[in-house]
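Visitor: For reference, the structure I am asking about is given below.
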Amino acid sequence: MDDWLQSRAKEMRRQPALYERRLWRLLRDRRLEDLKFRRQVVIGCYIADFVCLRHRLIVEADGPSHEDRALHDAERDAWFAAENFIVLRFPNSQIENRPWGVIDAITAASKRKLVKD
């Protein structure tokens, strides 16, 4: 595994962005449907914001930096899909203003994934 990527993930865990902290409060300690999420996880050559490995589910908090990276994000999501992950992306505004919608989408995706397997 790439040492730089691992150290970058560790740094991101130590200093999370505001909306990543808010999303982590919803996901940590199996608070959501007893799903076990890890944060800032290296998968391949990418760092995923939040991952539930059992359900192969990745949750991303998309801030302003993602507005100019649509192509990169699409390529990244395609790579994750090829590795049998479901990727859910939530803009900061949705995390802030509609957290129940975020929770509902994550819960639904985790149930869909179990049905597929």
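The values are calculated or read from the model by the stated rules, or taken from the named source; none is laboratory data. These numbers were taken from a predicted model, which means no experiment stands behind them. Every residue, glycine as well, gets a Cβ built from its backbone with ideal geometry; the counts of neighbours run over all protein chains shown. The area values use the complete protein model at the heavy-atom level, side chains included, leaving out ligands, DNA and RNA. Shrake-Rupley method; radii C 1.70, N 1.55, O 1.52, S 1.80 Å.
Visitor: With every protein chain kept in the model, how would you rank D104, D77 by accessible area, 1.4 Å probe, largest at the top?
Guide: Correct descending sequence by accessible area is D104, D77.
Visitor: Determine ³J(HN,Hα), in whole Hz, for all residues of segment 72-88 in sequence, where each value follows from phi through the Karplus function 6.51 cos²θ - 1.76 cosθ + 1.60 and θ = phi - 60°; x replaces Gly and Pro.
Guide: Couplings: 4, 4, 5, 5, 5, 4, 5, 5, 4, 4, 5, 8, 6, 9, 9, 10, 10 Hz.
Visitor: On average, how much accessible surface per residue is there in the chain, in Å², for a 1.4 Å probe, leaving out ligands, DNA and RNA?
Guide: 60
Visitor: Could you put I106, I86 in order of accessible surface area, largest first, with the 1.4 Å probe and the full protein assembly present?
Guide: Descending accessible area places them as I86, I106.
Visitor: Please report the carbon-and-sulfur percent of the accessible area for the chain; probe 1.4 Å, protein heavy atoms only, DNA, RNA and ligands left out.
Guide: The nonpolar share, carbon plus sulfur, comes to 49 percent.
Visitor: Taking the chain as a Gaussian network, where each spring joins two C-alpha atoms under 10 Å apart, which residue of Q40, Q15, Q94 fluctuates the most?
Guide: Its mean-square fluctuation being the largest, the pick is Q15.
Visitor: Report, in deg cm²/dmol and to the nearest 500, the calculated mean residue ellipticity at 222 nm for the chain, where each DSSP H run with n ≥ 4 adds -39500 (n - 2.57) and the sum is divided by the residue count.
Guide: -15500 deg cm²/dmol
Visitor: With each pseudo-label sitting 7 Å past Cα toward Cβ, what's the A82-V42 distance in nm, one decimal?
Guide: 2.0
Visitor: I would also like to ask the following. Note the full-extension length gain between R31 and I103 as 0.36 nm times their separation in residues minus their Cα-Cα distance, in nm to one decimal.
Guide: Value of the extension gain: 24.9 nm.
Visitor: Ignoring ligands, DNA and RNA, how do I58, I43 rank by accessible area with a 1.4 Å probe, largest first?
Guide: I43, I58
Visitor: For the chain, what does the relative contact order come out to in percent, with C-alpha contacts under 8 Å and a separation of six or more?
Guide: 22
Visitor: Given H placed on each backbone N at 1.01 Å, which residues far from L53 in sequence or on other chains put an amide H within less than 5 Å of it?
Guide: Distant-sequence amide H within range of L53: R38.
Visitor: Taking springs between alpha-carbon atoms closer than 10 angstrom, which of R21, R76, R30 fluctuates most in the Gaussian network model of the chain?
Guide: Taking springs between Cα atoms under 10 Å, the residue moving most is R30.
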